[in-house]
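Please read the structure below before turning to the comments.
The values are calculated or read from the model by the stated rules, or taken from the named source; none is laboratory data. None of these values were measured; they are calculated from a predicted model. Here Cβ is always computed from backbone atoms with ideal geometry, including for glycine, and neighbour counts include all displayed protein chains.
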């Protein structure tokens, strides 16, 4: 069984930044997010041994969701400057390493991940794993798609299949979008149905299976809940639309281009040398049986 590893890059970068101390620096600037990002990559490569690898990134500028709902994500605070300066460094490192990566204006990385996993869904003998910290991506889980999610910091990992999603959320992956439609989402700032929390939303979906079926059976639902659903019907369907990931983003993808090779890892190691990530270099070199040729700049701090 071959494996494709997809990286929800910005989500992993954010988690890495908040998990690794800022004391990790290069030329006086924090480099903790980059170290954590590639540390998480190594962990996934080591545990899963995928044959293929691709990174998905958010593009700058508004997305189709911003056009659909003007308040989308407006409550989010600007990125910490110490994190912000690391994004272009990491993106540039992917380019220098010649690793397959995607971003497209108007779409989020989540949509690219959904599209890529859909593109390979008919490929026999292939399982897709997505590294992410974003529960929204649980809607993509099926027998051929699983999530590789850090549970605590970067060290504890859980792989989410359909059973694990059911245990975590109380619903099937196919119901995640409708759960968001009912509950809304404070992190993305879309409304849902006011007064409907997780327990009520899960109970409704357990009974009626889908948002459409809930609204077809309003007369059977307790009055106090029915009134909330009736009042916020438009918000529920708006939230459903916002939560649904796009699976037909116009990007070209070839498994052949995403194949992991010793050359691509060797190029990555050369980039990691720039930042003196000694232990990461050692791990990548050993796993992929590369010829050791590491030179650490003695004038810079050696990280791990």
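Worth a mention:
- Hits in region 36-59 (condition: more than 23 Å from residue 102 (Cβ to Cβ) and touching a helix residue (DSSP H, G or I) at 6+ places or on another chain (Cβ under 9 Å)): 46
- Region 239-264, subset in contact with a helix residue (DSSP H, G or I) (Cβ under 6 Å, 6 or more places away or on another chain) and in a helix (DSSP H, G or I), residue surrounded by the fewest Cβ atoms within 10 Å (Cβ to Cβ): 240
- Any hit, region 54-74, residues being over 18 Å from the mean Cα position of the chain (by Cα), without any contact (Cβ under 8 Å) to a residue 24 or more places away in the chain, assigned to a helix (DSSP H, G or I) and under 19 Å from residue 269 (Cβ atoms): no
- The single condition among (1) without any contact (Cβ under 8 Å) to a residue 60 or more places away in the chain; (2) more than 22 Å from residue 266 (Cα to Cα) that residue 80 does not satisfy is (1).
Quick grid of which residues meet (1) assigned to a loop (DSSP other than H, G, I, E, B); (2) out of contact with any strand residue (DSSP E or B) (no Cβ under 6 Å at 6 or more places or on another chain); (3) modelled with pLDDT of 95 or more; (4) crowded, with 17+ Cβ neighbours inside 10 Å:
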site: 188; (1), (2), (3), (4): yes, yes, no, yes
site: 195; (1), (2), (3), (4): yes, yes, yes, no
site: 199; (1), (2), (3), (4): no, yes, yes, no
site: 202; (1), (2), (3), (4): no, yes, yes, yes
site: 205; (1), (2), (3), (4): no, yes, yes, yes
site: 212; (1), (2), (3), (4): no, yes, yes, no
site: 215; (1), (2), (3), (4): no, yes, yes, no
site: 226; (1), (2), (3), (4): no, yes, yes, no
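- Considering (1) under 26 Å from the mean Cα position of the chain (by Cα); (2) surrounded by 15 or more Cβ atoms within 10 Å (Cβ to Cβ); (3) part of a helix (DSSP H, G or I), the lone condition that residue 279 does not fulfil carries the number (2).
- Unique match (being under 18 Å from residue 11 (Cα atoms) and in contact with a strand residue (DSSP E or B) (Cβ under 6 Å, 6 or more places away or on another chain)) among 100, 115: 100
- When each of 248, 254, 239, 210 is tested for being under 22 Å from residue 138 (Cα atoms) and without any contact (Cβ under 8 Å) to a residue 40 or more places away in the chain, the lone residue that passes is 210.
- Looking only at residues of region 152-165 that are assigned to a helix (DSSP H, G or I) and touching a helix residue (DSSP H, G or I) at 6+ places or on another chain (Cβ under 8 Å), we find that the one that is surrounded by the fewest Cβ atoms within 10 Å (Cβ to Cβ) is 162.
- Residue match in region 19-40 (condition: surrounded by fewer than 17 Cβ atoms within 10 Å (Cβ to Cβ), over 18 Å from residue 150 (Cα atoms) and at pLDDT 95 or above): no
- Residue count for region 146-166, restricted to those that are modelled with pLDDT of 90 or more and out of contact with any strand residue (DSSP E or B) (no Cβ under 9 Å at 6 or more places or on another chain): 2.
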